[in-house]
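Each remark here refers to the structure printed beneath this line.
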Amino acid sequence: MKQSWYPGGLSAAKMEPFLRKHLTFLSFFWNKLWPTSVPDDCIPRYPGPDPVTMDLDPDPDPEPFSTKSSSPPPSVLFMVLYDFTARCADELSVSRGDKLFVIKEEGDYIFARRLSGRPSTGLVPINYVAKATQDTFSNQPWYFDGISRSEAQQLLLSSSNQHGAFLVRPSESSRGDYSLSVRTQAKVCHYRISKAPEGGLYIQKGQVFSSLEELLTYYKANWKIIQTPLLQPCVQERLLERDEWERPRSEFALRRKLGEGYFGEVWEGLWLNKIPVAIKIIKSADMKLDDFNKEIQNLKNLKHEKLIRLHAVCSIGEPVYIVTELMRKGNLQSFLNSPEGKALSIIHLMSIACQVAEGMTYLEERHIVHRDLAARNILVGEDLTCKIADFGLARLLKDDIYSTKSSTKIPVKWTAPEAANYRIYSQKSDVWSYGILLYEVFTYGQCPYEGMTNQETIQQISRGYRLPRPLICSPEVYILMLECWKSNAEERPAFSVLREKLSSIYRRLHHSFT
Ligand SMILES: Nc1ncnc2c1ncn2[C@@H]1O[C@H](COP(=O)(O)OP(=O)(O)OP(=O)(O)O)[C@@H](O)[C@H]1O
């Protein structure tokens, strides 16, 4: 007769969980028979030499004005978006809000460790999770977003700081990594904090931590390893006093007009006869000048590979110059209409969609609303690098220009109904515009709602009409577009979710073509 625990018909793969569950007192034996690659009760560590004898990886000098793009590093932490109940022993039940440490991505699944509650590992469908944002540490007093190595140095050596002051900043030379800068007497030492390929952060290869907080706690207690004590977070005050962004107009030579937008002309130019730059010459008559400086201050703090990098401003006297990196292939809308753009394959188009979603996720994490997201405001560089431009500038227009009376000034076809009708701009109105941008991308730069006036577009949208699926666009991507165009702004997905879903589709597509 069959015993109640007899695993009749179980495959070898299912035998292990069955036996582990029913014969728990033999766990020592099962562990020998089926050793787990990552034990449940410890942080994953990398095989490597003894940490104490390891060379520390000093943060190398940054490359100024680099436009090189690097492939995104694998993410460490994911957040669960929806409850998921395991259907077999390989899967892991998770609840919305749980944090997961991703060990491996396996097609449509991630193999992850749950960090909250009872630790456990297993497979979770990728569409139930999204990369966790940096929020856990971005408000920490020791985290300084957007400052360079030399700024960190200057700040730590200022009279407000003493021996042992430290800060963590995003690494300039290695995207996705961080740098720990520590003052030791009258010197500053910089240590690269790298992301391990399978998740986790480390300074020394053998010593991996699941978060920056854990890493700092460890090195505070074991500071002799890095030979510089971490005593107190760096004090900020001083940095704001000087403004190294402000440059004299004479340093810039205008070479060739690139185009003209609502805010003024854009020129290709040379900075100090050496560095090619783009110079936007602002028509200040249309600006709310009081807000201008505040906004430029915001732009100075935004640094991301998918955002146009601000190099300098000339804001003393007129005309105001905004100097940014130069993107050789111009704006995405014209590029898609060019012969080079028309030759792009679906994989290239998906890559563009993912890059924009990545840049917008960065703005979303910082609660910055773009207000004018459209293919004309995405710039294209070498190797199909796409970067978001004009973030924040739209709100600098004088109020009357945004009033519904002069609706010609609002890019109605890109604007969410609540923003077009009531001027309610939010990250979710940016998501609507992103849906329109996807339409532009998958139609190779076609104008949305072709043949309709702005007024007709507003009317049709309020009656539930939505743009049709572009021929080349898969139903899966079109569903995402439709989600971006939900009438209720709250129901539209976040950029972090869009980025995850699109990059998962991109990865699958890439895989099937290679
Ligand atoms: N950094 C840059 N590198 C290369 N070309 C650029 C750069 N910035 C702008 N341009 C070119 O100049 C054109 C005008 O840019 P601008 O940002 O002023 O206007 P727009 O974005 O087209 O319109 P609007 O500002 O009204 O939304 C762009 O379409 C693009 O072709």
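The values are calculated or read from the model by the stated rules, or taken from the named source; none is laboratory data. Just so we're clear, the structure is a prediction, and the values are computed from it rather than from any experiment. Cβ coordinates were reconstructed from backbone atoms using ideal geometry, including for glycine residues, and neighbour counts include every protein chain displayed. When the accessible area is computed, the model is the full protein with side chains, heavy atoms only, and any ligands, DNA or RNA have been set aside. Shrake-Rupley method; radii C 1.70, N 1.55, O 1.52, S 1.80 Å.
Working only within the stretch 336-346, note down all residues that are surrounded by fewer than 23 Cβ atoms within 10 Å (Cβ to Cβ) and either within 16 Å of the ligand (Cβ to nearest atom) or under 20 Å from the mean Cα position of the chain (by Cα) (or both). Write out each step before concluding.
Filtering the stretch 336-346 for residues surrounded by fewer than 23 Cβ atoms within 10 Å (Cβ to Cβ) gives 337-346.
Hits for the stretch 336-346 are N337, S338, E340, G341.
Conditions: (1) in contact (Cβ under 8 Å) with a residue 24 or more places away in the chain; (2) more than 20 Å from the chain's Cα centre (by Cα); (3) within 14 Å of the ligand (Cβ to nearest atom). K306 meets all but one. Number of the miss?
Condition not satisfied by K306: (2).
Suppose the filter is within 11 Å of the ligand (Cβ to nearest atom), in contact with a helix residue (DSSP H, G or I) (Cβ under 9 Å, 6 or more places away or on another chain) and of a type in the set (V, I, T); does V380 pass it?
Numbers: within 11 Å of the ligand (Cβ to nearest atom): yes; in contact with a helix residue (DSSP H, G or I) (Cβ under 9 Å, 6 or more places away or on another chain): yes; of a type in the set (V, I, T): yes.
Taking the combined requirement at face value, the residue satisfies it.
Consider only pairs whose beta carbons are under 8 Å apart and that are at least six residues apart or on different chains; among these, list those whose first residue lies in the stretch 246-263 and is within 15 Å of I275 (Cα to Cα) and whose second residue is within 13 Å of the ligand (Cβ to nearest atom) and among the hydroxyl-bearing types (S, T, Y).
Cβ pairs passing all conditions: R249/Y321; F252/Y321.
Given the condition more than 12 Å from the ligand (Cβ to nearest atom), open to solvent by less than 30 Å² (accessible area, probe 1.4 Å) and modelled with pLDDT under 95, answer yes or no: does some residue in the stretch 354-362 qualify? I'd like the intermediate steps shown before the answer.
First, pick out the residues of the stretch 354-362 that are more than 12 Å from the ligand (Cβ to nearest atom): 354-362.
Now narrow it down to the ones that are open to solvent by less than 30 Å² (accessible area, probe 1.4 Å): 354-357, 359-362.
Add one more test, that the residue is modelled with pLDDT under 95, and what stays is 362.
Taking every residue of the stretch 354-362 in turn, at least one turns out to be more than 12 Å from the ligand (Cβ to nearest atom), open to solvent by less than 30 Å² (accessible area, probe 1.4 Å) and modelled with pLDDT under 95.
For the stretch 408-445, give me each residue that is farther than 21 Å from I352 by Cβ, assigned to a helix (DSSP H, G or I) and either touching a Lys or Arg at 6+ places or on another chain (Cβ under 6 Å) or within 16 Å of the ligand (Cβ to nearest atom) (or both).
Listed by number, the residues that qualify are T408, K409, V412, A419, A420, K428, S429.
Within the stretch 246-260, can you find the residues that are near the ligand (Cβ under 6 Å from one of its atoms) and surrounded by fewer than 16 Cβ atoms within 10 Å (Cβ to Cβ)? Spell out how you get there, then give the answer.
Taking the stretch 246-260 and keeping what is near the ligand (Cβ under 6 Å from one of its atoms), we get 258-260.
Within the stretch 246-260, G259, E260 qualify.
Any chance you could count how many residues in the stretch 292-332 are out of contact with any Cys (no Cβ under 9 Å at 6 or more places or on another chain) and either in a helix (DSSP H, G or I) or of a type in the set (K, R) (or both)?
Total meeting the criteria: 14.
Of the residues that sit in the stretch 278-303 and are within 24 Å of S173 (Cβ to Cβ) and modelled with pLDDT of 80 or more, which one is nearest to the ligand (Cβ to nearest atom)?
Among them, the one singled out is A278.
If you take the residues in the stretch 309-335 that are near the ligand (Cβ under 7 Å from one of its atoms) and in contact (Cβ under 8 Å) with a residue 60 or more places away in the chain, which one is farthest from L272 (Cα to Cα)?
It comes out as S334.
Among the residues of the stretch 85-105 satisfying the criterion of being basic (K, R) and more than 15 Å from I126 (Cβ to Cβ), which is least open to solvent (accessible area, probe 1.4 Å)? Before the answer, list the steps.
Residues of the stretch 85-105 basic (K, R): 87, 96, 99, 104.
Cutting the leftovers down to more than 15 Å from I126 (Cβ to Cβ) gives us 87, 96, 99.
Working: R87: 159, R96: 173, K99: 59 Å².
The selected residue is K99.
Just one of the numbered conditions (1) touching a Pro at 6+ places or on another chain (Cβ under 7 Å); (2) open to solvent by 30 Å² or more (accessible area, probe 1.4 Å) is not true of A374; which one?
A374 satisfies all of (1) touching a Pro at 6+ places or on another chain (Cβ under 7 Å); (2) open to solvent by 30 Å² or more (accessible area, probe 1.4 Å) except (2).
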